[in-house]
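The values are calculated or read from the model by the stated rules, or taken from the named source; none is laboratory data. All values reported here derive from a predicted model rather than from experimental measurement. Reconstructed Cβ throughout: ideal geometry from the backbone, glycine too, with neighbour counts over all protein chains shown. For the accessible areas, the whole protein counts, side chains as well, though only heavy atoms, and no ligand, DNA or RNA atoms are used. Shrake-Rupley method; radii C 1.70, N 1.55, O 1.52, S 1.80 Å.
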Amino acid sequence: RSGRQGDPGFTQFYVSMEDDLMRIFGGEKMRVLMERLGLPDDMPIENGLISRSIEGAQRKVEGRNFDIRKHLVEYDDVMNTHRNIIYSRRRKILENESLKNEVILLIENQVEKIVLNNPENPKEIWETINAIHRAPLNPISFDRIRDLKLEEMIDTLKKYLEAEYEEKEKNLPATSLMRRAERGLMLRVMDKLWMDHIDELRYLREAVSLSGYGQRDPLIEYKNKAYTIFEDLIEKIDYETLTTLMRVKINVQI
């Protein structure tokens, strides 16, 4: 206590062999040693070997706790990277007055993916395009694309969906209604899927904690699987945004 006043002093710590520190890091060996020496339970032990053992155990605990904190930060870094990308896309939606060009890009990208993922199956391509909007104003016939080359098919389907979207806009009394609908629907789809993504990463984090039993690094497992899940998230956002915009019916109240 004299150390509090600035005078020379010393500190003495007491530890039980049943303490978690000793129990996890070699306490049983110390207990056996004490029993062999016949030392009474209430006798204080002051021995350099024992003191060094306790100090070594404490260093192990501190190192273990440091690793835990370090891994928590590394897990959070993955989520922060995903969050920055999503928030950047969200900011772009909020700051742009017109998102029509973004919709056109969505149409072009989705058509290319649909066609190139099924190059040998024009029937499936046709059905997938029709599924994007349940009740098209001018349905495209299968005969129109069946015998086209891939490049021609992509170009035809892009023009078809773009024309459908233009027709939907023309049926509104003001183009501003479509611009408001675009912004609101894009944000709604993104926010919903982002919240689902947060839950999915939380479940993934719990699941990979068991990877250590299989001699795999849980953090590496988490990063690899989180990357794949995030790629799927971006795909879902783009696809659901387009299908929602193509299917929505905007009611105008006069």
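Before moving on, here are some points about what is shown:
- Residues of the range 172-198 that are touching a residue at least 12 places away in the same chain (Cβ under 8 Å) and more than 17 Å from ILE86 (Cβ to Cβ): LEU172, PRO173, LEU177, MET178, ARG179, ALA181, GLU182.
- Consider the range 141-183 and keep the residues that are of a type in the set (Gly, Ala, Ser) and within 26 Å of ILE234 (Cα to Cα). The one that is least open to solvent (accessible area, probe 1.4 Å) is ALA181.
- Residue match in the range 201-224 (condition: over 14 Å from MET79 (Cα atoms) and of a type in the set (Phe, Trp, Tyr)): yes
- Going through (1) farther than 30 Å from ASN96 by Cβ; (2) in contact with a Leu (Cβ under 6 Å, 6 or more places away or on another chain); (3) among the charged types (D, E, K, R) one by one, ARG144 falls short only on (2).
- Filtered residues of the range 68-90 (kept if open to solvent by 80 Å² or more (accessible area, probe 1.4 Å) and modelled with pLDDT of 95 or more): ASN84, TYR87
Here is a yes/no grid of residues against (1) under 20 Å from ASP232 (Cα atoms); (2) within 31 Å of the chain's Cα centre (by Cα); (3) open to solvent by 60 Å² or more (accessible area, probe 1.4 Å); (4) not aliphatic (A, V, I, L, M):
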{"site": "LYS92", "(1), (2), (3), (4)": "no, yes, yes, yes"}
{"site": "SER98", "(1), (2), (3), (4)": "no, yes, yes, yes"}
{"site": "ILE104", "(1), (2), (3), (4)": "no, yes, no, no"}
{"site": "GLN110", "(1), (2), (3), (4)": "yes, yes, no, yes"}
{"site": "GLU120", "(1), (2), (3), (4)": "no, no, yes, yes"}
{"site": "ASN130", "(1), (2), (3), (4)": "no, yes, no, yes"}
{"site": "LEU185", "(1), (2), (3), (4)": "yes, yes, no, no"}
{"site": "LEU193", "(1), (2), (3), (4)": "yes, yes, no, no"}
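- Pairs, first in contact (Cβ under 8 Å) with a residue 24 or more places away in the chain and within 22 Å of LEU172 (Cβ to Cβ) in the range 235-250, second of a type in the set (Asp, Glu) and part of a helix (DSSP H, G or I), C-beta under 8 Å, six or more apart: LEU245/GLU182; MET246/GLU164
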